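A.B. asks: Dumping the structure here so I can ask a few things about it.
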Amino acid sequence: MRVAFVGKGGSGKTTLSSLFARHLARQGGPVVAIDADINQHLGLALGLGSDQLPPPMGLAITQIKDYLRGDNPRIPSAAAMVKTTPPGSGSRLITLDDPYFAREHATTVPAVPGLRLMVTGPFSEDDLGVACYHSKVGAVELFLNHLVDGPGEHVIVDMTAGGDSFASGMFTRFDMTYLVAEPTRQGIGVYNQYREHARDFDVPLAVVGNKIHSEGDVAFLREHVGDHLLVTLPHSPAIRAMEQGRPFTLDDLEPEGHRALGVLRDHLDAQTKDWDKFGRQTVEFHTRNAHAWANRATGQDLLQQIDPDFVYGRRPTLTTR
Ligand SMILES: Nc1ncnc2c1ncn2[C@@H]1O[C@H](COP(=O)(O)OP(=O)(O)OP(=O)(O)O)[C@@H](O)[C@H]1O
Ligand SMILES: [Mg+2]
């Protein structure tokens with residue numbers, strides 16, 4: 001299962017991504033956490049120092065494209081591959097244990113056995129709003145497009161704040177999207193934006209209320225997001241202490257926090273994988289992208305990359321490189 005954490009800046013996306021990753025890793029089964037945010041803080045929230053982060057995916061986009069296109073004759077070069085280029089016959093499909101990504105683009109998290117971290121890499125002010133930002137996140141989109149995750153495996157993506165994620169098809173790459181919302185008007189504002197996109201694109205969405213102080217906070221969220229409210233997390237002294245740089249393990253989290261993480265896990269694992277929809281949306285966004293800019297940018301008809309016979313969701317046999 002793949003899940004994205006989205007929401008307003010500062011709502012708690014990174015905190016919840018890191019706690020949920022720790023929680024899932026403790027249950028066993030491979031877990032990959034991906035920092036796809038402009039502000040790269042997920043490593044820190046997982047207790048890693050800045051010298052312990054993996055090599056950024058965003059800086060290796062050409063190697064990643066070459067790896068994923070494999071022997072697909074429809075994609076003759078990395079230059080012809082854009083972030084939405086779908087896999088087809090000959091493409092290299094991957095699992096969470098893929099040796100190339102594990103070796104080149106991931107790091108294990110020493111304090112959390114079973115968890116690996118991948119990162120897009122930092123963005124500078126100059127990157128924002130220009131192609132560079134989207135091409136860095138594009139590395140994650142390509143990874144997710146070629147990933148065939150199985151039962152008991154989890155990918156958690158810490159997304160960028162606000163509605164920026166709609167700029168690409170990335171928000172359709174998940175089995176579930178958790179929108180983290182504080183009980184404030186601004187928190188609800190991002191929810192309203194997301195809800196419409198989620199409805200238009202048939203993306204499953206649930207709200208995680210965060211930094212809750214009172215019953216009144218819960219009532220506020222319930223009033224504005226209705227049944228989308230899945231669970232709430234109180235304002236947590238343990239999380240505050242972690243933010244203050246004190247050593248943190250999941251055992252330090254209060255019981256309400258553990259309960260909330262359990263609700264998220266059960267809810268996520270109860271989702272039904274819909275590979276047909278995944279495939280349809282992959283093709284849909286590639287087609288849009290090709291018409292909008294990618295045909296022009298590459299000088300090619302990128303619709304030729306769509307393999308009509310390709311079946312999504314077939315587990316690859318392990319390859320080495
Ligand atoms: N339940 C909580 N209790 C106490 N503090 C919290 C809680 N959730 C998040 N915080 C604090 O709120 C701040 C913002 O959290 P976090 O960095 O996870 O948000 P974010 O949505 O990832 O922000 P950004 O948009 O900047 O990436 C941090 O200081 C974090 O420790
Ligand atoms: Mg963050």
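A.B. asks: Of everything in the range 1-23 that's of a type outside the set (G, A, S) and within 9 Å of ligand 2 (Cβ to nearest atom), which residue is farthest from L253 (Cα to Cα)?
C.D. replies: Keep residues of the range 1-23 that are of a type outside the set (G, A, S), which gives 1-3, 5-6, 8, 13-16, 19-20, 22-23.
Filter once more, keeping what is within 9 Å of ligand 2 (Cβ to nearest atom): 5, 13-15.
On the way: F5: 19, K13: 17, T14: 16, T15: 12 Å.
The residue in question is F5.
A.B. asks: If you go through the range 24-34 one residue at a time, how many are buried (at least 24 other Cβ atoms within 10 Å of the Cβ), over 18 Å from V263 (Cβ atoms) and more than 15 Å from ligand 2 (Cβ to nearest atom)?
C.D. replies: Residues that pass the stated criteria total 1.
A.B. asks: Specify the residue that is surrounded by the most Cβ atoms within 10 Å (Cβ to Cβ); the eligible residues are those in the range 37-91 that are among the charged types (D, E, K, R) and modelled with pLDDT under 95.
C.D. replies: D37
A.B. asks: How many of the residues making up the range 92-105 are surrounded by fewer than 17 Cβ atoms within 10 Å (Cβ to Cβ) and acidic (D, E)? Write out each step before concluding.
C.D. replies: Of all residues in the range 92-105, those surrounded by fewer than 17 Cβ atoms within 10 Å (Cβ to Cβ) come to 97, 99, 103.
The next check asks that each one be acidic (D, E); those that pass are 97.
Residues flagged as surrounded by fewer than 17 Cβ atoms within 10 Å (Cβ to Cβ) and acidic (D, E) within the range 92-105 amount to 1.
Residue-wise test of (1) closer than 28 Å to N289 by Cα; (2) touching a Ser or Thr at 6+ places or on another chain (Cβ under 8 Å); (3) surrounded by fewer than 19 Cβ atoms within 10 Å (Cβ to Cβ).
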position	(1), (2), (3)
L142	yes, yes, no
V157	yes, yes, no
M170	yes, no, no
R185	no, no, yes
G189	yes, no, yes
D200	yes, no, yes
D227	no, no, yes
A238	no, no, yes
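A.B. asks: I need every pair where a residue in the range 9-23 that is hydrophobic (A, V, I, L, M, F, W, C) has its Cβ under 6 Å from the Cβ of a residue that is within 9 Å of ligand 2 (Cβ to nearest atom), sequence separation at least 6 or different chains.
C.D. replies: L16/F5
A.B. asks: Can you confirm whether L264 is away from ligand 1 (no atom under 16 Å from the Cβ), surrounded by 13 or more Cβ atoms within 10 Å (Cβ to Cβ) and in a helix (DSSP H, G or I)? Let's see the steps before the verdict.
C.D. replies: Numbers: away from ligand 1 (no atom under 16 Å from the Cβ): no; surrounded by 13 or more Cβ atoms within 10 Å (Cβ to Cβ): yes; in a helix (DSSP H, G or I): yes.
Answer is no for this residue.
A.B. asks: A241 - would you say it is within 13 Å of ligand 1 (Cβ to nearest atom) and either in a helix (DSSP H, G or I) or free of Cβ contacts under 8 Å to residues at least 12 places away in the same chain (or both)? If you could, list the steps in order and put the result at the bottom.
C.D. replies: On the way: within 13 Å of ligand 1 (Cβ to nearest atom): yes; either in a helix (DSSP H, G or I) or free of Cβ contacts under 8 Å to residues at least 12 places away in the same chain (or both): yes.
Judged against the criteria, A241 is a match.
A.B. asks: Another question, then. G279 versus (1) within 16 Å of ligand 1 (Cβ to nearest atom); (2) at pLDDT 95 or above: which is the lone unmet condition?
C.D. replies: Answer for G279: the failing condition is (1).
A.B. asks: Within the range 35-43, can one find any residue that is more than 12 Å from ligand 2 (Cβ to nearest atom), in contact (Cβ under 8 Å) with a residue 12 or more places away in the chain and aliphatic (A, V, I, L, M)? Spell out the reasoning first.
C.D. replies: Just the residues of the range 35-43 that are more than 12 Å from ligand 2 (Cβ to nearest atom), to begin with: none.
Taking every residue of the range 35-43 in turn, none turns out to be more than 12 Å from ligand 2 (Cβ to nearest atom), in contact (Cβ under 8 Å) with a residue 12 or more places away in the chain and aliphatic (A, V, I, L, M).
The values are calculated or read from the model by the stated rules, or taken from the named source; none is laboratory data. Here the structure is a predicted model, which means the values were calculated and not measured. Neighbour counts are summed over all protein chains in view; Cβ atoms, including those assigned to glycine, are modelled from backbone coordinates with ideal geometry.
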